[in-house]
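*Asks:* Quick one: this structure, given as structure tokens, is what I'll be asking you about.
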Amino acid sequence: MSGLGFTRADWPEGFLFGVATSAYQIEGHAQGGAGRTHWDDFAATPGNVVRAENGALACDHLNRWPEDLDLIAAGGFDIYRFSASWARVLPEGRGAVNAEGLDFYDRLVDGMLARGLKPALTLYHWELPSALNDLGGWRNRDIAGWFADYTDILCRRIGDRMWSAAPINEPWCVGWLSHFMGAQAPGLRDIRATARAMHHVGLSHGRAMQAMRALGMGNLGAVCNFEYALPLTDSPEDKAAAQLYDGIYNRWFLGAMCKGAYPADVLQGLEPHLPTGWQEDMATIRQPLDWLGLNYYTCKRIAHTKGAWPHLSEHVGDLPQTQMGWEICPEGLSHFLRFARENYTGDLPLYVTENGMANPDTPDVPDTARIDYLRAHLDMARAAIADGVPLKGYIVWSLMDNYEWSLGYEKRFGLVHVDFDSLQRRPKASYQALQTALART
Ligand code: IFM
């Protein structure tokens, strides 16, 4: 028995385990003919990213991918959830294709299959080509067409070998975190930009789903992130604020993608800023899903504040925290697995598509905190299955330490330690614990 307290036999037959990464966070984006992205621009702007770090080299996965796939296979994982970079395929976002980029993803996918791994593709994990940002990026309705074209080009090349595919990782981050909170590229703090981005992300999701279905691809889903919203106090005002936070974060995209409707409480604040005729797009956004992926990390305490809509502020409570300052709250995962099934997805297969923690790891100290974190969340997942939740797999974020966006390389989420000077990879105790747990006897 591993420190995780389970073996494969403790899970339903066919339950899948995986690891996840994303292109800009690991590949080394200055290499291989990729175009500039809005993350390069964001990071080059003082004050946006710790030490102004960017993804120029990252983990150099572009050259070291065979070693990385070997690590995934040796860990006993079934799924590799990876993403392709739009700017690596189309350096200007549209027009000329970077053949080297398509060749890379082609080789990478064959490398997964050769090792018995199931390729789970994400089409967009945040690195928008700068040339498209110049045109308004997610604020511009045309992005749905540009994204569908990119989807078509990439999937004509590798779509035939995907085990699964999803258009956009964590729509809330692309819309709200990046256009309302300004915490990620393009770093805007503007409600009109936010409303448009929140709508065009959904529309782009729908158009990409249509493009993939037209190519005959199957097992297509959506990957949303969820944060457990708890009121800071028992006051009715804080309870209402937590409910609205929940709507913005957890129900906006689920509502659109699964029911073709935005939640009424959020619409009250955002509708004045949505593009005219948004209602006519809802049928496109609501495409049939084969599964829903849930990314879950933490909870947040929400208080009512005065001032402009949405009248709320975010706080951290008393639970133990990760290196990100995020409270460790496994109950939230339990909540969302049931919440999704009861309110949106019914019998649709669910996957935990990201879960994990940042920890200030050094190569020689066992990351027991991460083992504890994973065990606590996996216990919740197993309990949900016992209650009838159709959870079919669990994917850890992340295979290895990588570029944690505005927090640079300091926050370590990996099962594998990366020395960012030598780029040497060293499996951590958590990797070994999973390897033991997942071993097929
Ligand atoms: O590193 C990110 C990832 O890109 C998206 N989901 C959350 C992770 C941890 O912050």
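*Asks:* Can you give me the P(r) profile for the range 279-322? Cα pairs, bins 5 angstrom wide beginning at 0, each as a whole percent.
*Replies:* 5, 13, 13, 11, 12, 16, 18, 9, 3, 0
*Asks:* Right, something else. Per residue of the chain, what 222 nm ellipticity follows from adding -39500 (n - 2.57) for every DSSP H run with n ≥ 4, rounded to the nearest 500?
*Replies:* Numbers: 14 runs with 151 residues, N = 441.
Dividing the helical sum by the residues of the chain leaves -10500 deg cm²/dmol.
*Asks:* Which value in nm describes the separation of the simple spin-label points at Thr45 and Thr362, placed 7 Å from the Cα toward the beta carbon?
*Replies:* 3.7
*Asks:* Let me ask something else about it. Need one number for the range 281-362: average projected area of the convex hull over its C-alpha atoms, nm². Kindly include the intermediate steps, with their values, before the conclusion.
*Replies:* Details: hull surface 34.4 nm².
About 8.6 nm², averaged over all directions.
*Asks:* Using square roots of five times the C-alpha gyration tensor eigenvalues, list the equivalent-ellipsoid semi-axes of the range 22-68 in whole Å, biggest first.
*Replies:* Details: eigenvalues 89, 26, 9 Å².
Equivalent-ellipsoid dimensions as semi-axes: 21, 11, 7 Å.
*Asks:* Report the normalised scattering of the range 159-243 as log10 I(q)/I(0) at q = 0.19 Å⁻¹, calculated by the Debye formula with identical scatterers on the alpha carbons.
*Replies:* Here the Debye-derived log intensity ratios amount to -0.91.
*Asks:* Quantify, in whole percent, the carbon and sulfur part of the accessible surface of the chain (1.4 Å probe; protein heavy atoms only). Don't skip to the end; give the middle numbers.
*Replies:* Working: 7750 of 15730 Å².
It is 49 percent, rounded to a whole number.
*Asks:* Which lysines have a Cα less than 30 Å from the Cα of Lys300, not counting those fewer than 8 places away in the same chain?
*Replies:* Those lysines meeting the cut-off are Lys239, Lys259, Lys392, Lys411, Lys428.
*Asks:* Let me ask something additional. How large is log10 of I(q)/I(0) for the range 346-441 at q = 0.12, 0.17, 0.25 Å⁻¹ when the intensity is taken from the Debye formula with one equal scatterer per alpha-carbon?
*Replies:* Debye intensities relative to I(0), on a log10 scale: -0.44, -0.79, -1.30.
*Asks:* Compute the orientation-averaged projected area for the chain from the convex hull of its Cα atoms and round it to one decimal in nm². Mind showing how you got there, number by number?
*Replies:* Numbers: hull surface 78.1 nm².
The directionally averaged projection comes out at 19.5 nm².
*Asks:* Filter the chain for me: DSSP H helices, axial length by Cα at least 30 angstrom, mean Kyte-Doolittle hydropathy not below -1.0. List them by residue number.
*Replies:* Numbers: long enough: 191-214 (35 Å, -0.18).
Counting only whole DSSP H runs, the qualifying helices are 191-214.
The values are calculated or read from the model by the stated rules, or taken from the named source; none is laboratory data. Because the structure is a prediction, the values reported are computed rather than measured. Counting neighbours? That spans all protein chains shown, and the Cβs are built from the backbone with ideal geometry, glycine included. Heavy atoms of the whole protein, side chains included, go into the accessibility calculation; ligands, DNA and RNA do not. Shrake-Rupley method; radii C 1.70, N 1.55, O 1.52, S 1.80 Å.
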